[in-house]
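S.K.: Quick one: structure below, then a few questions.
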Ligand SMILES: Nc1ncnc2c1ncn2[C@@H]1O[C@H](COP(=O)(O)OP(=O)(O)OP(=O)(O)O)[C@@H](O)[C@H]1O
Ligand SMILES: [Mg+2]
């Protein structure tokens, strides 16, 4: 619960329902947007690639948070659903020759449908058992894309031509940046909106108390399946963007590690928080990139540094998750809220 | 009279007072070897406060759970008279029963603890809202209009129950008495045809009990909502109820007006003994 700014008095429910009440809050939003626009003009190509990866991770993380953080259905299947999105869009594009925007839209719908299907076990399972069931869905999907040659054409990696829309060819990270950020912003806005409405509230009701939710008229079955579908739709979008952006689709990008990474993103960022999904994505994608960078920089003084990078990345990854779980299970979002409160009430303690 | 100032009626039933609203007949519920309910039957009349009493473990909560669909009795029927005619509740899933206008509170508070008071109450409006996915994702337009429209009724309930000051607090952080009130409010927001309250005053001090009894009476007298009330405090029951059903070891041992019931020798023996003879 954020501390509400003092001195703000609403005269209508409509004004109370706005997300940003004070000038400072609106100004901050403007700053963030300005930063997003300026990034590709100032950062090096290496960091621009990272920025694009972050954008895609934001979309997937918002999706996963809807399911795990807001609906309380743990999932280890996000990697699998990213794969469904990537393969659907890629295959539709090269086999059916559909335009990429159409492929992406169909990938979103397909992934939502498959997500709903794999959500059916969730109706009867909770906690650890559900985690295992979603782990199974992850493995089933990966098994399918690895071994169904009729589907993938029997190649290990599908290559895609460069994205071309209306004669404009998306060649570089710079071009893609705008596409990815537009979708990331859309993901954040729609995610945020969902939980301002009754539909999103019913998800949280199922998370907090499913029996009471059903007594209030919430169809728990339908809600869980819908949460899986919506969550997977975001994963499908992220996967499809990844496919066309990188130009290569291979199962190796969608292994269990990826599912775990996404879970880590939302835990570090903050479960049940859309903003937290963004913070988590930035943090968990930037961290390994920084380590890689350091490894390269240290190579001149310590030649083996670059070799150690993967090991260090794994250790730091584990450490970060453990530290967050111990010290701030509510994640970066909570830390940021506390900082805001501190600044707002400065120099007073309360 | 306060409701006069309110724009919404909290009563969701269209029956005339005095007509049968719900008939429970021959309901039996067993858990393995335990018989929680044995052939229980009674009628709840529109406009009544109908108390269900009985010693601990008598099967009162189980009865409520059978009505709201959380338990499924092995035998018997529960018929609710709605504006579209009679509906059989046994075998119906809980959210369907809620849609027919049966609202309830729980003995051990079952609120959505991470949500604010307002959000909990808005969930009481769930069955009256449309929840279209695309509209929700877009927010501006129908979804926002709907939120505002339903907020008006919710604010009336907040006003009725005097919980204005905690409106934006997460319910998990509230005092017990407030939580009980929010639970009543959440059920009221459904504009119920039938309100089931499982020990709304349990664990309260005398003052809080009086407040709660007042709220239940307000809801009943001013809004005309029919209430089924489980309560242990005999003073409260005899004071406010129109009709009393008494359960003992899963059996209905008496059913009548408070005066009839308190004169019934079985009841005196099973339950009221000390309090009445004192
Ligand atoms: N889910 C369940 N599983 C097994 N037994 C149950 C279950 N629910 C209730 N019972 C049993 O059914 C009997 C009636 O319980 P119930 O909770 O309905 O009593 P009650 O009248 O509400 O009691 P109290 O006044 O203590 O709330 C008890 O013997 C109880 O142990
Ligand atoms: Mg009970």
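The values are calculated or read from the model by the stated rules, or taken from the named source; none is laboratory data. Remember, it's a predicted structure, so these values are computed and weren't measured experimentally. Ideal geometry is used to build each Cβ from the backbone, glycine not excepted, and the neighbour counts take in all protein chains shown.
S.K.: Does region B:200-216 hold any residues that are assigned to a loop (DSSP other than H, G, I, E, B) and either surrounded by 18 or more Cβ atoms within 10 Å (Cβ to Cβ) or within 16 Å of ligand 1 (Cβ to nearest atom) (or both), and which are they? Walk me through it before giving the result.
M.R.: Step one: filter region B:200-216 for residues assigned to a loop (DSSP other than H, G, I, E, B), giving B:200-205.
Once the filter is applied, which keeps residues that are assigned to a loop (DSSP other than H, G, I, E, B) and either surrounded by 18 or more Cβ atoms within 10 Å (Cβ to Cβ) or within 16 Å of ligand 1 (Cβ to nearest atom) (or both), region B:200-216 yields B:200, B:201, B:202, B:203, B:204.
S.K.: Output the number of the condition that residue B:177 fails; it satisfies all remaining conditions of (1) at pLDDT below 95; (2) touching a helix residue (DSSP H, G or I) at 6+ places or on another chain (Cβ under 6 Å); (3) over 22 Å from residue A:208 (Cβ atoms).
M.R.: Against the list (1) at pLDDT below 95; (2) touching a helix residue (DSSP H, G or I) at 6+ places or on another chain (Cβ under 6 Å); (3) over 22 Å from residue A:208 (Cβ atoms), residue B:177 comes up short only on (3).
S.K.: Right, here's the next one. So for region A:241-253 (the condition being within 13 Å of chain B (Cβ to nearest Cβ), touching a residue at least 60 places away in the same chain (Cβ under 8 Å) and either within 20 Å of residue A:119 (Cβ to Cβ) or under 22 Å from the mean Cα position of the chain (by Cα) (or both)), does at least one residue qualify?
M.R.: Residues of region A:241-253 that are within 13 Å of chain B (Cβ to nearest Cβ), as a first pass: none.
Taking every residue of region A:241-253 in turn, none turns out to be within 13 Å of chain B (Cβ to nearest Cβ), touching a residue at least 60 places away in the same chain (Cβ under 8 Å) and either within 20 Å of residue A:119 (Cβ to Cβ) or under 22 Å from the mean Cα position of the chain (by Cα) (or both).
S.K.: Here is a further query. Just give me the residues in region B:119-161 being more than 10 Å from chain A (Cβ to nearest Cβ), outside any helix (DSSP H, G or I) and touching a residue at least 12 places away in the same chain (Cβ under 8 Å), in sequence order.
M.R.: Of the residues in region B:119-161, the ones more than 10 Å from chain A (Cβ to nearest Cβ) are B:121, B:141, B:153, B:156-161.
If we keep only those that are outside any helix (DSSP H, G or I) as well, we get B:141, B:161.
The answer is B:161, and nothing else.
S.K.: A follow-up question, please. Among the listed residues A:145, A:102, identify the single one that is in contact with a strand residue (DSSP E or B) (Cβ under 9 Å, 6 or more places away or on another chain) and outside any loop (DSSP other than H, G, I, E, B). It would help to see each step written out before you state the result.
M.R.: Working: A:102 fails: in contact with a strand residue (DSSP E or B) (Cβ under 9 Å, 6 or more places away or on another chain).
After applying the criteria, what remains is A:145.
S.K.: Return a yes/no flag: does region B:182-190 have any residue that is within 14 Å of chain A (Cβ to nearest Cβ) and either more than 18 Å from residue B:117 (Cβ to Cβ) or within 16 Å of ligand 2 (Cβ to nearest atom) (or both).
M.R.: Here is the first cut: in region B:182-190, the residues within 14 Å of chain A (Cβ to nearest Cβ) are B:182-190.
When the remaining residues are screened for being either more than 18 Å from residue B:117 (Cβ to Cβ) or within 16 Å of ligand 2 (Cβ to nearest atom) (or both), the result is B:183.
So far as region B:182-190 goes, yes, one or more of its residues are within 14 Å of chain A (Cβ to nearest Cβ) and either more than 18 Å from residue B:117 (Cβ to Cβ) or within 16 Å of ligand 2 (Cβ to nearest atom) (or both).
S.K.: Limited to region B:25-36, what total is found for residues that are within 23 Å of residue B:194 (Cα to Cα) and either more than 14 Å from ligand 1 (Cβ to nearest atom) or surrounded by fewer than 16 Cβ atoms within 10 Å (Cβ to Cβ) (or both)?
M.R.: 2
S.K.: Still on this model: Go through region B:58-87 and give me each residue that's touching a residue at least 60 places away in the same chain (Cβ under 8 Å), more than 11 Å from ligand 1 (Cβ to nearest atom) and outside any loop (DSSP other than H, G, I, E, B).
M.R.: B:67, B:80, B:81, B:82
S.K.: Among the residues of region B:230-257, how many are more than 15 Å from ligand 2 (Cβ to nearest atom), in a helix (DSSP H, G or I) and touching a residue at least 40 places away in the same chain (Cβ under 8 Å)? Don't jump to the end; show me each part of the working.
M.R.: So the first thing to find is which residues in region B:230-257 are more than 15 Å from ligand 2 (Cβ to nearest atom), and the list is B:234-236, B:238-244, B:251-257.
Those left that are additionally in a helix (DSSP H, G or I): B:234-236, B:238-240.
Applying the additional criterion that residues be touching a residue at least 40 places away in the same chain (Cβ under 8 Å) yields B:234, B:240.
Counting residues in region B:230-257 that are more than 15 Å from ligand 2 (Cβ to nearest atom), in a helix (DSSP H, G or I) and touching a residue at least 40 places away in the same chain (Cβ under 8 Å) gives 2.
S.K.: In region A:12-63, what residues are free of Cβ contacts under 8 Å to residues at least 40 places away in the same chain and not in a helix (DSSP H, G or I)?
M.R.: Quick first cut of region A:12-63, residues free of Cβ contacts under 8 Å to residues at least 40 places away in the same chain only: A:12-16, A:18, A:20-35, A:37-38, A:41-44.
The answer is A:12, A:18, A:20, A:21, A:22, A:43, A:44.
S.K.: Same structure again: Select, from B:184, B:188, B:197, the only residue that is within 16 Å of ligand 1 (Cβ to nearest atom) and farther than 25 Å from residue A:62 by Cβ. Talk me through it step by step, then tell me what you get.
M.R.: Details: B:184 fails: within 16 Å of ligand 1 (Cβ to nearest atom); B:188 fails: within 16 Å of ligand 1 (Cβ to nearest atom).
Step by step, each of B:184, B:188, B:197 is checked, and only B:197 is within 16 Å of ligand 1 (Cβ to nearest atom) and farther than 25 Å from residue A:62 by Cβ.
S.K.: Checking residue B:90 against (1) part of a loop (DSSP other than H, G, I, E, B); (2) within 23 Å of residue A:208 (Cα to Cα); (3) touching a residue at least 12 places away in the same chain (Cβ under 8 Å); (4) within 18 Å of the chain's Cα centre (by Cα), which single condition isn't satisfied?
M.R.: Only one criterion is unmet by residue B:90, namely (2).
Okay, residues lined up against (1) within 16 Å of ligand 2 (Cβ to nearest atom); (2) under 26 Å from residue A:206 (Cβ atoms); (3) within 14 Å of chain A (Cβ to nearest Cβ):
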position: B:12; (1), (2), (3): no, yes, yes
position: B:20; (1), (2), (3): no, no, no
position: B:25; (1), (2), (3): no, no, no
position: B:32; (1), (2), (3): no, no, no
position: B:36; (1), (2), (3): yes, no, no
position: B:41; (1), (2), (3): no, no, no
position: B:52; (1), (2), (3): yes, no, no
position: B:79; (1), (2), (3): no, no, no
position: B:84; (1), (2), (3): no, no, no
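S.K.: Given the conditions (1) within 11 Å of another protein chain (Cβ to nearest Cβ); (2) more than 16 Å from ligand 2 (Cβ to nearest atom); (3) surrounded by 24 or more Cβ atoms within 10 Å (Cβ to Cβ), and given that residue B:93 satisfies all but one, which numbered condition is not satisfied?
M.R.: (3)
S.K.: Just checking, does region B:97-116 include any residue being part of a helix (DSSP H, G or I), within 11 Å of another protein chain (Cβ to nearest Cβ) and either surrounded by 20 or more Cβ atoms within 10 Å (Cβ to Cβ) or in contact with a strand residue (DSSP E or B) (Cβ under 9 Å, 6 or more places away or on another chain) (or both)? First the steps, then the outcome.
M.R.: Taking region B:97-116 as the starting set, the residues that turn out to be part of a helix (DSSP H, G or I) are B:97-99.
Among the residues that remain, those that are also within 11 Å of another protein chain (Cβ to nearest Cβ) are: B:97-99.
From the residues that got through so far, the ones that are either surrounded by 20 or more Cβ atoms within 10 Å (Cβ to Cβ) or in contact with a strand residue (DSSP E or B) (Cβ under 9 Å, 6 or more places away or on another chain) (or both) too are B:97-98.
Yes - at least one qualifying residue is present in region B:97-116.
S.K.: Considering only residues that are near ligand 1 (Cβ under 9 Å from one of its atoms) and surrounded by fewer than 24 Cβ atoms within 10 Å (Cβ to Cβ), which ones fall in region B:38-57?
M.R.: B:55, B:56, B:57, listed by residue number.
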